[in-house]
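This report concerns only the one structure given below.
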Amino acid sequence: MNNYKNLAIGLLSLLLFVGCDSQKQETTEDGVNYVMIESGEGESFDEGDFAIFSIKIIDSKDSVMIDSERDGELPVQINDSILSTRGPLFSILKELKIGDSVKTKLTASQVLTEGFRQPISADKDKAERLTIFAKTLEKLDTAGFMEWQQQKRAEAMEEMQKKAEEQKGIDDQLIKDFLAENNIEAKRTESGLFYMVTEEGTGEKPEQGDSASVNYVGKLMDGTVFDTSYEDIAKEAGVYNENRDYKPYTFPIGARQVISGWDEGIMLLNEGSKATLYIPSGLGYGQRGSGRRIPPNSSLIFDVELVEVK
């Protein structure tokens with residue numbers, strides 16, 4: 001019996017030893033404490049090297065603020081004179097080797113303000129404790145880092161194009177459903193713009209380089225007005241700006257001073273015409289949206305009047 005007891009105690013001691021060894025407390029030269037989850041025992045970094053980190057930051061409510069799997073890896077150039085001014089997080093990162101995986105807890109101020117030089121949002125306490133996980137992935141020289149950047153830009157562009165193509169199909173169906181539900185007969189262009197002329201003008205159609213003056217009401221698909229050139233409609237919709245002069249908006253056709261849905265749509269109209277444009281997000285403000293009033297990937301409705309062409 002005693003043999004089994006001694007064996008159990010021995011195994012328990014071994015497990016405790018291994019656990020402590022695999023996650024041991026470390027301290028940087030600057031006196032910052034962190035936990036070494038796993039030591040990769042890889043190469044260390046020299047001044048001027050570029051280090052690529054995977055990083056995950058979790059707030060005190062267990063919400064993920066930053067995650068490399070979602071937001072991309074963190075590149076850092078090892079420059080002691082610069083990194084020494086960026087707080088305790090970068091004090092830890094600059095001492096790691098390839099394959100090292102660490103965990104630490106720092107305040108929001110230490111991570112966001114000192115580390116990433118970003119303002120802290122009003123709903124975030126500067127003293128809130130954030131949990132940070134970091135792992136060193138790659139060591140690159142200047143040429144290697146430039147190649148890494150190019151690859152990441154290409155991947156980001158490919159992902160954007162993929163999402164834009166998917167969104168194009170979503171927008172097309174959304175507008176078609178809206179038109180069907182409201183018994184609206186609108187024409188569709190090859191680009192995906194839908195339009196319906198409600199009053200035919202007698203003037204000339206604008207061409208590339210012409211100046212067009214347009215009255216308009218811009219709405220989301222749910223009917224919410226986000227902008228207009230009419231003062232009375234702006235007041236009624238709650239978007240009135242007393243510093244603005246409400247009058248037709250004048251812009252050069254084809255100069256990319258307006259969304260592409262406008263450039264294309266206005267060129268379809270004769271001077272004096274009124275129409276409604278149903279603009280998919282790809283011809284509007286796209287994946288970013290615009291300000292507080294136009295969310296990302298918003299299809300838009302514009303009631304327009306082509307007042308004058310010059």
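Here, each number is a calculation from the coordinates, and none is a lab measurement. Fair warning: this is a prediction, and the values are worked out from it, not measured in the lab. Reconstructed Cβ throughout: ideal geometry from the backbone, glycine too, with neighbour counts over all protein chains shown.
Here the contact order of the range 225-297, divided by its residue count and restricted to Cα pairs under 8 Å and six or more residues apart, works out to 20 percent. Whole-Hz Karplus values for the range 68-83 come out as 4, 5, 9, 9, x, 6, 9, x, 9, 8, 6, 9, 4, 5, 8, 5 Hz, taken residue by residue from phi with 6.51 cos²θ - 1.76 cosθ + 1.60 and θ = phi - 60°; glycine and proline positions read x.
Phi-derived couplings, Karplus 6.51 cos²θ - 1.76 cosθ + 1.60 at θ = phi - 60°, listed residue by residue for the range 202-211: 10, x, 7, 7, x, 10, 3, x, 5, 9 Hz, with x used for Gly and Pro.
Rounded to the nearest 20 debye, the dipole magnitude of the chain is 880 debye, with +1 charges on Lys and Arg beta carbons, -1 on Asp and Glu beta carbons, and the Cα centre as origin. Relative to the longest principal axis of the Cα atoms of the chain, the long axis of helix 142-181 lies at roughly 40 degrees. Around the Cα centre of the range 164-307, unit charges on the Cβ atoms of Lys, Arg, Asp and Glu (plus for the first two, minus for the last two) sum to a dipole of about 400 debye. Sorted on the mean count of surrounding Cβ atoms within 10 Å across their residues, most packed first, peptides 291-302, 94-105 read 94-105, 291-302.
One Cα centroid belongs to the range 245-272, the other to the range 77-128; the line between them spans 47 Å. From its DSSP helices (H runs of at least four residues, each -39,500 (n - 2.57)), the chain gives a residue-normalised ellipticity at 222 nm of -9000 deg cm²/dmol. Helix 2-22: angle to the longest alpha-carbon principal axis of the chain, degrees 0 to 90, nearest 10? Computed tilt is about 50 degrees. Close amide H partners of Phe53, meaning residues 5 or more places away or on another chain with modelled amide H under 5 Å apart, are Leu74, Val76, Leu137. Taking every C-alpha pair closer than 8 Å and separated by at least 6 residues, the mean separation divided by the residue count of the chain gives a relative contact order of 15 percent. The GluC sites (Glu not before Pro) of the range 223-306 meeting both criteria, a DSSP state outside H, G, I, E and B (loop) and at most 12 other C-beta atoms within 10 angstrom of the site's C-beta, are Glu242. Under 5 Å from the amide H of Met65 lie the amide H atoms of Ile57, Ile58, Asp59, each residue being 5 or more positions distant or on a separate chain, with H modelled from the backbone and absent for Pro and chain starts. Stretching the chain fully between Met267 and Glu185 yields a gain of 27.6 nm (0.36 nm per residue, less the alpha carbon separation).
Coupling constants for the range 49-59 follow from the phi torsions by the Karplus curve (6.51 cos²θ - 1.76 cosθ + 1.60, θ = phi - 60°), and in residue order they are 5, 10, 10, 10, 10, 8, 9, 9, 10, 10, 7 Hz; glycine and proline get x.
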